[in-house]
Amino acid sequence: MEHLDPLLEPFALKSLTLRNRIVSTSHEPAYAEDGLPKDRYRAYHVEKARGGVALTMIGGSAVVSPDSPPAFGNLLLYRDEIVPWLRRLTDEVHEHGAAVMTQVTHLGRRTSNYSGDWLPLVYPSPLREPAHRSFPKIAEAWDLDRIVSDYADAAARCAAAGLDGIELMHYSHLLDSFLSPATNHRSDDHGGSLEARMTFPRRVIRAVREAVGEDFIIGIRMSMDEDRPDGLQRDEALEALRHYVADGIDFLSVIKGTIDRDATLAKVIPSMGTPAAPFLDFAGEIRQAIDIPVMHASRISDVATARHAIRGGLLDLVGMTRAQMADPYLVAKLAAGEEDRIRPCVGANYCLDAIYESGDAKCVHNPATGREQQLPQRIERSTGPRRTAVIVGAGPAGLEAARVLGERGHRVTVLEAADAAGGQLRLAASAPRRRDLIGIVDWRLAEAKHAGVQFRFGAFAEAEAVVAEEPDLVIIATGGVPNRTFLTVGQDLVDDTWDVMDGSVHATGDVLVFDDNGAEPAMDAAEKLARTGARVHLVTPERALAPLVGSMNSPAYLQAFAEHDVAVRLAHRLVGVRRGADGRLIAELYSEYADRTLEQTVDRVVVEHGTLPNDELYLELVPGASNRGEVDHRALLGGRPQELRTNPAGRYQLFRIGDAVASRNVHAAIYDALRLCHTA
Ligand SMILES: Cc1cc2nc3c(=O)[nH]c(=O)nc-3n(C[C@H](O)[C@H](O)[C@H](O)COP(=O)(O)O)c2cc1C
Ligand code: SF4
């Protein structure tokens, strides 16, 4: 039957019928345990299947050999023990109507020499990978022979596990490094002409096809233009692909570019502040040039663009990968006519940066993603009594509490002192490049209103006013205020990053930005100051710039800093600021390594040292609370309701969340709220 929405049309991929056109492309969230897709990994993909995805690709960069050690928690396809785990995952995904495949690769140099079994990394040529700082050895003939059979064995394991297919990774890993003239400098029979450079990947494809038989689906995820002058160009890529198809490739997932350094990776997986779907037209041109089905993902985060990709014949299958990390129920909502309720992927790329920052992928504003075993993606209505809740503060934490308590069916009022929702996030989103962050606020506000939550803006809440609402539950989400207390000399002479972002400081001349947080706020302020004409001197006590800003988010800052000559001084701590005779400011910068203080004269000093909790209201409400503000951590972590009654005379339960507790990031604030409120 023809569907009105092209996105919901089924698609035949070889003998497999996909229920619609939306897929989740291969990505490694680092949820594997012992290199195996155990319960957490399975729960993550099964949730997408429940949410309606047509095909979920697991095992981003799942590895075939021990000398391709995991760089970011990859699945180990060279272990036989993986088969039963893959089988369980496959069966459960199938039960929910989706298909499942895995990506298969040898990472080559795109990993570390210092992980897994510490075997030397191999590559066609001895070229260092900037992203992982690895120096590989030149692959010898015996290396290539064993890797070919490792590929075949890994593919056979995938077929034995009942997967619907596999996808060979062919960009910035080992296979493509032989094809690309930029990385293959060999003078033997594997280097030189296109034919010679194709030899190794073609051997792998043929061996894999032989191992799995004719019916099994084998795709390739391939850079069809490496976007570098010395790299693989479109014509050669197409020529190689035609040979690959003859060797047994069934579908193509189009990539443009390379990912061997932060700057290029950030282009292939673009963040907020960049155009939507930058390579969609390119993928469409490739589709015209070949005869196999084409999928593609790259910042197609909204349904309208995805629909255009299918309706316009640019793609057969559209990858919405981060979009479904943000909302695994994207397809279900689309099918139910609730497109406007899809939680938007705002392009923060915290999902990727979190792998390196805190060990695994996390969506900046969906704490249930990757935690499906503990937290619900869909909030169930409470079966208990309807409670009256007052939430103070409409930043991300307060809004999440409001949304969740509203969905639970409680009577919820939010009191917010400002005239709009958003709190600190509104400041972050004031940077033009990071404007999309406001989606985190707007979606929650709309969802909370949809659930019947009442908002009172411009309402500075006093304790009496809160108690007058006769609440059963009070949640304090009042956020924090910039912390300057670390500075014992000259606190009153400095500005903070909030002053810069809210526009109250328009600095010119020399501005010293001192970052003792390590996250985005100082980077945002420095970028804004530099772009508006100040000469910025960024100083940090760290040994690297902004260590909490990962490889996906740092390129845009570094670009701005390079364009505007921002000077960076590492390993110095701002210890005092005083006014000089000429009216300028003298910043005292101490090095604990050299044990000496140097002075720098500037026009302004801007500091970033996190926030101090805005906790007066909370502290006033503690004596009247039945739990005196105490959180039962066991219940919280065990997914049970909070039932502590340390003060039987108390008339309400009291909790605080987000920066009203301590200075942390948006994800932590929203996570606080969800795990506290989903059982309330
Ligand atoms: C956490 C994470 C890990 C990823 N790992 C891989 C990977 O191992 N292999 C791969 O080909 N792509 C990987 N990707 C890229 C995605 O498959 C996809 O191309 C990218 O997210 C852009 O598509 P989107 O805008 O729909 O998210 C990863 C993406 C994310 C968010
Ligand atoms: S962290 Fe950001 S980019 Fe990643 S899925 Fe969530 S909203 Fe999208």
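No lab work stands behind these numbers, since they all come straight from the coordinates. Just so you know, these numbers come straight off a predicted model, no measurement behind them. Here Cβ is always computed from backbone atoms with ideal geometry, including for glycine, and neighbour counts include all displayed protein chains.
Computed over all pairs of different Cα atoms, the Kirkwood value for the hydrodynamic radius of the stretch 93-169 is 14.3 Å. Three semi-axes describe the equivalent ellipsoid of the stretch 523-667; taken as square roots of 5 times the Cα gyration tensor eigenvalues and ordered largest first, they are 43, 20, 15 Å.
Positive end of the dipole of the chain (Cβ unit charges, origin at the Cα centre): among V318, L265, I220, the Cα lying farthest that way belongs to V318. Pairwise Cα separations in the stretch 422-477 fall into 10 Å bins from 0 onward with the following percentages, short to long: 19, 39, 32, 10, 1. The angle between the Cα long axis of helix 234-247 and the main principal axis of the chain comes to about 60°, on a 0 to 90 degree scale.
Counting DSSP beta bridges in the chain, what percent are antiparallel, to the nearest 5?
25 percent
How much net charge surrounds N627 when only the other residues with a Cβ under 9 Å from the Cβ of N627 are counted, with Lys and Arg +1 and Asp and Glu -1? Spelling it out: positives minus negatives among the neighbours equals -1. Each Lys and Arg Cβ is given +1 and each Asp and Glu Cβ -1; about its Cα centre, the stretch 310-365 then shows a dipole of about 100 debye. If you wrap the stretch 57-98 in the convex hull of its Cα atoms and look at it from every side, the mean projected area works out to 3.1 nm².
Ratio of alpha-carbon Rg to the 2.2 N^0.38 Å globular estimate for the stretch 371-481, to two decimals, please.
Rounded to two decimals, the normalised Rg is 1.09.
With R₀ fixed at 22 Å, the C-beta to C-beta distance from K449 to T383 puts the FRET efficiency at about 0.40. Distance between the C-alpha centres of the stretch 164-199 and the stretch 601-680: 54 Å, rounded to the whole angstrom.
Using the Cα centre of the stretch 450-523 as the reference point, and only Cβ charges (+1 on K/R, -1 on D/E), how large is the resulting charge dipole? Debye, rounded to the nearest 20.
That gives a dipole near 100 debye.
If you line up the long axis of helix 520-531 against the longest principal axis of the chain, both from Cα atoms, how many degrees apart are they, to the nearest 10? Long axis of 520-531 versus the principal axis of the chain: about 90 degrees. For the stretch 134-225, the Kirkwood radius over C-alpha pairs fed into Stokes-Einstein at 20 °C and 1.002 mPa s yields D = 154 µm² per second. Each helix, a run of at least 4 DSSP H residues, gives -39500 (n - 2.57); summed and divided by the residues of the chain, these come to -9500 deg cm²/dmol at 222 nm. With one equal scatterer per alpha carbon and no solvent term, the Debye-computed log10 I(q)/I(0) for the stretch 58-214 at 0.10, 0.16 1/Å reads -0.35, -0.85.
Using Cα-only point scatterers and the Debye equation, what is log10 of I(q)/I(0) for the stretch 271-320 at each q in 0.22, 0.28, 0.30 Å⁻¹, rounded to two decimals? At q = 0.22, 0.28, 0.30 Å⁻¹ the computed log10 ratios are -0.70, -1.06, -1.19. Its Kirkwood hydrodynamic radius, worked out from the mean inverse distance over all distinct Cα pairs, puts the stretch 196-302 at 14.8 Å. Computing FRET efficiency as 1/(1 + (r/R0)^6) for D603 and R435, where r is the C-beta to C-beta distance and R0 is 30 Å, gives about 0.60. Just so you know, the Cα atoms of the stretch 428-576 work out to an Rg and Dmax of 19.0, 56 Å. Which one, S663, A12, Q642, projects farthest toward the positive side of the charge dipole computed for the chain from Cβ point charges (K/R +1, D/E -1)? Of the candidates, Q642 comes out farthest on the positive side.
Take every DSSP beta bridge whose two residues both sit in the stretch 528-680; close to 75 percent of them are antiparallel.
Residues within the reach of a label modelled at D582 (point 7 angstrom out along Cα to beta-carbon, backbone nitrogen below 20 Å), restricted to the stretch 501-527, are 507-513. Dimensions of the stretch 448-493 based on its C-alpha atoms, expressed as ranges along the principal axes with the largest first, amount to 48, 26, 19 Å. With all pairs of separate Cα atoms included, the chain yields a Kirkwood hydrodynamic radius of 26.9 Å.
Two decimals is fine: what's Rg over Rh for the stretch 13-127, C-alpha atoms, Kirkwood radius as Rh?
1.02
Peptides 170-177, 569-576, 146-153 ranked from most to least packed, by the mean per-residue count of other Cβ atoms within 10 Å: 170-177, 146-153, 569-576.
Where the only charges are on Cβ atoms (+1 Lys, Arg; -1 Asp, Glu), what is the dipole of the stretch 14-98 about its Cα centre, to the nearest 20 debye?
Rounded to the nearest 20 debye, it is 440 debye.
Remark: the stretch 133-149, residue by residue, has Karplus-estimated 3J(HN,Hα) of 6, 9, 10, x, 8, 6, 5, 8, 4, 5, 5, 5, 4, 5, 5, 4, 6 Hz, where x stands for each Gly or Pro and the curve is 6.51 cos²θ - 1.76 cosθ + 1.60 at θ = phi - 60°.
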